[in-house]
Amino acid sequence: MNRSFVMFFFLCCSLFSEAQQKTVVLEKTDSKILDGFMDKRFGMFIHWGPISMRGTEIGWSRNHEVSQQDYDSLYKEFNPVLFNADAWVKAAKDAGMKYITFTSKHHDGFSMWPTAYSNYSIMHSQYKKDIVGELAKACKKYDIKFCLYYTVLDWYDLNYPIHNNGIKEPDPKADMTRFIQYMKNQLKELVTNYHPYMIWFDGNWESPWTQEMGADIYNYLKKLDKNVIINNRLGKGTHKIMTPETVGDYATPEQEVGEINMSNPWESCITICHQWAWKPNDKMKTLKECIQTLVGTAGGNGNLLFNVGPMPDGRMEDRQVKRLKEMGDWLKVNGEAIYGTKGGPYKPDSVLAATRKGNKIYLHLFKKPGDQLVLPVPEGIKLLKANFINGVKVSFTQEGNSIKLSIPDSLPDSICTVIVLQMNADTIGIPIIAKQ
Ligand code: JFZ
């Protein structure tokens, strides 16, 4: 066999294995770290940037409600002098939230930290302070996990081929190789300077982005910090659920409570109002909607990432902070039925959701189910004791695989009442039961 053929053969092998390397996720996040993330159940999402000065949607309103020229110049006036990272983190803590995910860079390409790789950043605004750094510091101070949102599409950067300006064809002057190097440089800054607990990627649906690019970034990040948790919006494919092709650690249903899933982690991202970024007089969810959304995600074995959009002066709206505090007050009484629990065994429906921990099942009643609540239990499972979470006893009978709970005329909590069932065995092994 001649020498040049052998050299050609080995070159092909190395190119193939390198290509293979790019599309194969090498090191997944440790399951114990993901379990710890899922135990937290409740986080704050924050969408913020100079666009809050116009009250329109971050990223999406560029070239739509706001001209590109106006949108891209907002940063020159952006000066949120009332921004107080401690106040934001305290609002999250008072809500019972355990982590914060902040938009370090959204689709508009504006960086909220002193990046060395772009002048389109907070350091070139009127404000000239490191918003990401301030938040990271405040999260450490109040023992809240600090997480970052980062978009893989960037309608501002000329090396990214799509500019969301009505032109569908990718820009021939763009250069994805250079763009990905820019992304890697920025991600290295964010990971090494701020040590995020989790990175919430977004923007994976446009044509320039590929599965291989997603896997390459995942592997790149794992080399920087093997413990950083990464959502499922790096590779291509659905956000809603995990599939064998998913690049990332957990699924991210958006603006809806995810389907119950005991094998793959998921986190619903939902807005407290309608818009992700601040909008004047936006319609805010009622306390009932807020609490039942949180309970619905926990009942499905998922987390809730609940979004607020701060105002252009740096404050969160008082009414939103108040609503979050009301959620925190509910969690002060009922938190043991949310934090550190698993979803089920009863599939959430319009009447109730269920969570469980050890020998306990927590029934979360969204409304009075009548004078009796009849629930199936598997063979060999016995109900030993039942009480409202405030300690008041709940009478019950059990005949074989059916338990009957007597429900009083009025429930202690009209929004969501928790009943604690003490069973005779660990409940985690009980398969999911659809009640009706
Ligand atoms: C994305 C962002 O675009 C949105 O601004 C926000 O940050 C949310 C948390 O994540 O929402 C989407 C996701 C997918 C599409 C549109 C918006 N899509 O496929 O067109």
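The values are calculated or read from the model by the stated rules, or taken from the named source; none is laboratory data. Remember, predicted model here, so these are calculated numbers, not experimental data. All Cβ positions, even for glycine, are placed from backbone atoms using ideal geometry, and neighbour counts span all protein chains on display. Accessible surface areas use protein heavy atoms only, side chains included; no ligands, DNA or RNA. Shrake-Rupley method; radii C 1.70, N 1.55, O 1.52, S 1.80 Å.
Quick notes on this one:
- Pairs with Cβ under 7 Å, 6+ apart, first in the range 411-430 and more than 24 Å from Met327 (Cβ to Cβ) and in contact (Cβ under 8 Å) with a residue 12 or more places away in the chain, second among the aliphatic types (A, V, I, L, M) and open to solvent by 40 Å² or more (accessible area, probe 1.4 Å): Gln422/Leu384; Met423/Leu384; Asn424/Leu384
- Comparison of Asp249, Asp225 shows that the only residue that is in contact with a strand residue (DSSP E or B) (Cβ under 8 Å, 6 or more places away or on another chain), of a type in the set (D, E, K, R), away from the ligand (no atom under 16 Å from the Cβ) and at pLDDT 95 or above is Asp249.
- At least 3 residues being surrounded by 14 or more Cβ atoms within 10 Å (Cβ to Cβ) is the threshold, and among the strands (runs of 3 or more DSSP E) wholly inside the range 337-436 those reaching it are 352-357, 360-365, 372-376, 383-388, 402-406, 417-423.
- Restricting the range 195-215 to residues that are assigned to a helix (DSSP H, G or I) and open to solvent by 30 Å² or more (accessible area, probe 1.4 Å), the residue that is farthest from Glu245 (Cα to Cα): Met213
- Residue count for the range 157-194 satisfying the condition of being more than 30 Å from Arg41 (Cβ to Cβ) and open to solvent by 80 Å² or more (accessible area, probe 1.4 Å): 10.
- Filtered residues of the range 122-153 (kept if within 20 Å of the chain's Cα centre (by Cα) and either more than 18 Å from Thr101 (Cα to Cα) or within 16 Å of the ligand (Cβ to nearest atom) (or both)): Cys147, Leu148, Tyr149, Tyr150, Thr151, Val152, Leu153
- In the range 24-42, the residues that are touching a residue at least 12 places away in the same chain (Cβ under 8 Å) form Cβ pairs under 6 Å with partners that are of a type in the set (A, V, I, L, M, F, W, C), at six or more places apart or across chains, as follows: Val25/Ala215; Val25/Val247; Thr29/Ile229; Phe37/Ile229; Arg41/Ala298; Arg41/Ile338; Phe42/Met97; Phe42/Leu304.
- Scope the range 228-246; condition open to solvent by 10 Å² or more (accessible area, probe 1.4 Å), away from the ligand (no atom under 14 Å from the Cβ) and either of a type outside the set (A, V, I, L, M, F, W, C) or under 18 Å from Thr210 (Cα atoms) (or both); matching residues: Met242, Thr243, Pro244, Glu245, Thr246
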